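Mind having a look at this structure? Questions to follow.
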Amino acid sequence: MIENYTIKQLIDGYSEGSFSSTEVTKQYLERLKKLNPEYNVFVNVSEDLALEQAAKADKAMEAGDFSGLMGIPMGLKDVFCTEGIETTACSNMLRGYVPPFNAPVVQDLFDAGAVCLGKTNTDEFTCGVSTETSCFGVTKNPYDVTKVPGGSGGGSAAAVPLNFGVFAMGTDTGGSIRQPASFCNGVGMKVTYGRVPRSGVISMASSLDTIGHNTKTVEDAALVLDITAGTHRMDQTTPQEEVRSYTDYIGKDISGLKIGLPKEYFNDSVDDEVRELIMDAVKVLESKGVIVKEVSLPNTKYGVAAYYIISPSEVSANMARYDGIRYGALPDTDINDLEEQYLKTRGLGFGDEMKRRIMIGTYALSSGYYDAYYLKAQKVRTVLIQEFEEVFKDVDVLMGPVSPFPAFGIGEKVSDPVSMYVADALTIPSSLAGIPGISVPAGFTKAGLPVGLHIMAPQFEEGLLFQFGSAYESETEFWKQVPSV
Amino acid sequence: MNLTKEQVEKIAYLARLGLNDAEIEKFSDQLTGILDYVDMLNEVDTENVDPTSQVTGLESVMEEDEVIDYVEDKSRLLEASNLPKEARQILVKSIFND
């Protein structure tokens, strides 16, 4: 049985000479191979690469280099392009696609010494809230195998408490890192839009997509962001904003700072048990000298509606590249011309949720409907942004539940898309505003399902999330409660 | 807003999605449900509100006009496609019908 190591503990262990990265990596690989079939967390295990990277890290550490993420085993959501390793976005459309390059963020992680155990499960092209739309099938929730792990990044979120790696990379467009983190008792980090370069990470909705990670602790989240944050010439949406030393915010005093509780994040749409656990969390922080204030974000309830116009519109445009030529070719059967090739490739290659989103987007962007849907949603987006700007004049951070409810049953919401979409009702508004947010474990319901505390901060103030998150975590340490497998 | 089967067929064709009859039936109900839900956006007063297309205020980011060899061996880009290749090009089906 492997220890419930954090990144920090492994780095300490390495520098004390307690074990080597090769030893540790072999243990993770062994555990992964034994238990993954039961949970379906990884869709592809890159054993050769992992052992090669671990050996390289061991060499560096023998020479005294314990910097960055040296020798730390990780998972990558299967939308991060990895040279020579199949990258599918968990879609039949991309089965067999082997990128000839590493995404810049992947290269940064490799250069920092991280060890890639493989690729983790996700909803198809990251479109979903439960990992049920993956062409490889659902991932099981580590705390109750009859429940979903959340999504889209259910694989990366489930990998952490199961100790299938120490951390895992993800993408968050409307909640795809934070919501599964809350369903799986992990820390889920969503950065400011543009804080981490997206180039080489398969796009979903380009005005919303962000790159983040799932970790055990808030400190680990800061350690990873210290490596991934920055600008890159291959992503022109990364502003020249100063990159801070995020680990400096761990354990920094929070007394006198102000927390805002948006009343709309605590209304009747939120399960009673979830609301109570989050209020308990607020009390913990109050005891550390923060000032708590009720605030209002009155248009919160329109977030999901605006998102389900804007995001499918961008999805429909981004998915146009899957034309069966550069990607997703079918076996050469019964296809006579190019149009038929498009229709068949896309009809067979995309699953139901992709088809729904592509069609909603195509409709919302079509002549005659553009103003009523897409333009209207973009204006509502402005209203939501202004609301956040207004409350942040008054408070340092905002807090609420990550999701209105804990993990739901596999299959429970599959036939009703709208009931599925509202799982992200409390993460979507901050995604539309492009602000950062973090999910921190906040305890368990009576049925034993994890609940996450959501902390949000103004753009490029990720440091505040680590400051508040670590203050809360140091009093609670729910991350230590891992499933007994 | 009720999406008819004909409308769904048209949207699917515009998006070049080949759907069967059962899918068209299913999606016309589900898409109608989604459009009914997003109708609530009309409750929000957006008079004199500008639309947002990006959130961090960046405009016209300029880039030096120089070639970077992201993938040095260009044959590897061709290898990513499953289609047959000829003379360093991907062989596709005919574009024009008879």
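Would any residue of region A:348-363 have its amide N under 19 Å from a label point 7 Å out along Cα→Cβ of residue A:339? List them or say none.
Backbone N within reach: A:348.
Right, something else. Give the dimensionless ratio obtained when the Cα radius of gyration of the protein assembly as shown is divided by 2.2 N^0.38 Å.
Details: Rg = 23.1 Å, N = 583, 2.2 N^0.38 = 24.7 Å.
Rounded to two decimals, the normalised Rg is 0.93.
Let me ask something else about it. For chain B, what class follows from the C-alpha gyration tensor (a ≥ b ≥ c being the square roots of its eigenvalues): rounded when a/c is under 1.5, otherwise prolate if a/b is larger than b/c, else oblate? Show your work: numbers first, answer last.
Working: a/c = 3.41, a/b = 1.28, b/c = 2.67.
Oblate.
As a test of reading the structure, rank A:381, B:16 by solvent-accessible area (1.4 Å probe, protein chains only), most first.
Numbers: A:381 5, B:16 70 Å².
If we order A:381, B:16 from most to least accessible, we get B:16, A:381.
In whole angstrom, how far apart do the alpha carbon centroids of region A:341-384 and region A:79-139 sit?
So the separation of the two Cα centres works out to 24 Å.
Of all DSSP beta bridges in chain A, what percent run antiparallel (nearest 5)?
Numbers: 29 of 44 bridges.
Here the share of antiparallel DSSP bridges comes out near 65 percent.
Ok, one more. Along the Cα→Cβ direction, 7 angstrom out, place labels at residue A:51 and residue A:352. What is the inter-label distance in nm?
4.2
What figure in square angstrom, to the nearest 10, would you give for the accessible area of residue A:33 with a 1.4 Å probe?
We get 110 Å² for residue A:33.
Another question about this same structure. Under a Cβ-only charge scheme (Lys and Arg +1, Asp and Glu -1), can you give me the dipole magnitude of chain B about the Cα centre, in debye to the nearest 20?
Details: 9 positive and 23 negative charges, 156 e Å.
Dipole about the Cα centre, nearest 20: 760 debye.
Among B:72, B:59, B:23, which one moves the most in a GNM of chain B with springs linking Cα atoms closer than 10 Å?
Per the Cα network of chain B with a 10 Å cutoff, B:72 tops the list.
Using unit Cβ charges (K, R positive; D, E negative) and no other charged atoms, how large, in debye to the nearest 20, is the dipole of chain A about its Cα centre? Write out the running numbers ahead of the final one.
On the way: 41 positive and 63 negative charges, 109 e Å.
It works out to roughly 520 debye.
Additional query: Using Cα positions and a limit of under 26 Å, work out the lysines in reach of residue A:140, with same-chain residues fewer than 8 apart set aside.
Qualifying lysines at Cα under 26 Å: A:26, A:33, A:34, A:77, A:119, A:190, A:216, A:355, A:413, A:446, A:480.
Based on the Cβ-Cβ distance from residue A:35 to residue B:14, what FRET efficiency comes out when R0 is 35 Å, to the nearest 0.05? Write out the running numbers ahead of the final one.
Values: r = 45 Å, r/R0 = 1.29.
About 0.20, to the nearest 0.05.
Related question: So, R0 is 22 Å and r is the distance between the beta-carbons of residue A:419 and residue A:272; what FRET efficiency does that work out to, to 0.05?
Numbers: r = 19 Å, r/R0 = 0.86.
In this case the efficiency is close to 0.70.
Placing unit charges on C-beta atoms (Lys and Arg positive, Asp and Glu negative, everything else neutral), compute the dipole magnitude of region A:249-298 about its Cα centre in debye, rounded to 20.
Working: 7 positive and 10 negative charges, 90 e Å.
Magnitude of the dipole: close to 420 debye.
What's the FRET efficiency of residue A:236 with residue B:79 using the Cβ-Cβ distance as r and R₀ = 41 Å, to the nearest 0.05? Walk me through the numbers before you get to the answer.
Values: r = 28 Å, r/R0 = 0.68.
Taking R0 as 41 Å, the efficiency between residue A:236 and residue B:79 is 0.90.
Let me ask something else about it. Hey, for a label at residue B:69 modelled as a point 7 Å past Cα toward Cβ, could you say which residues of region A:76-91 have their backbone N under 20 Å away?
A:83-84
Taking the Cα-to-Cβ direction at residue A:475 and at residue A:372 and moving 7 Å from each Cα, how far apart do the two end points lie in nm?
Once both label points are built, they end up 5.1 nm from each other.
Can I ask one more? Quote the accessible area belonging to residue A:21 in square angstrom, nearest 10, computed with a 1.4 Å probe and with ligands, DNA and RNA left uncounted.
Result for residue A:21: roughly 0 Å² accessible.
Over all alpha-carbon pairs of region A:146-185, lay out the pair-distance distribution in 5 Å bins, whole %, shortest bin first.
6, 31, 35, 21, 6, 0
Let me ask something else about it. Could you work out [θ]222 nm for chain A from helices alone, using -39500 (n - 2.57) per DSSP H run of at least four and dividing by all its residues? Round to the nearest 500 deg cm²/dmol. Before the final figure, lay out the partial values.
Values: 15 runs with 173 residues, N = 485.
Using -39500 (n - 2.57) per qualifying helix, the result is -11000 deg cm²/dmol.
While we're here: Quick one: helix B:21-38 against the long Cα principal axis of chain B, what's the angle to the nearest 10°, folded into 0 to 90?
Computed tilt is about 60 degrees.
Rounded to the nearest Å, what's the spacing between the alpha carbon centres of region A:246-315 and region A:19-64? Just the number, please.
37
The values are calculated or read from the model by the stated rules, or taken from the named source; none is laboratory data. This structure is a prediction, so every number in the text was calculated from the model and none was measured. No Cβ is skipped: glycine too gets one built from the backbone with ideal geometry, and neighbour counts run over all protein chains shown. Note: areas computed on protein heavy atoms with side chains; ligands, DNA, RNA excluded. Shrake-Rupley method; radii C 1.70, N 1.55, O 1.52, S 1.80 Å.
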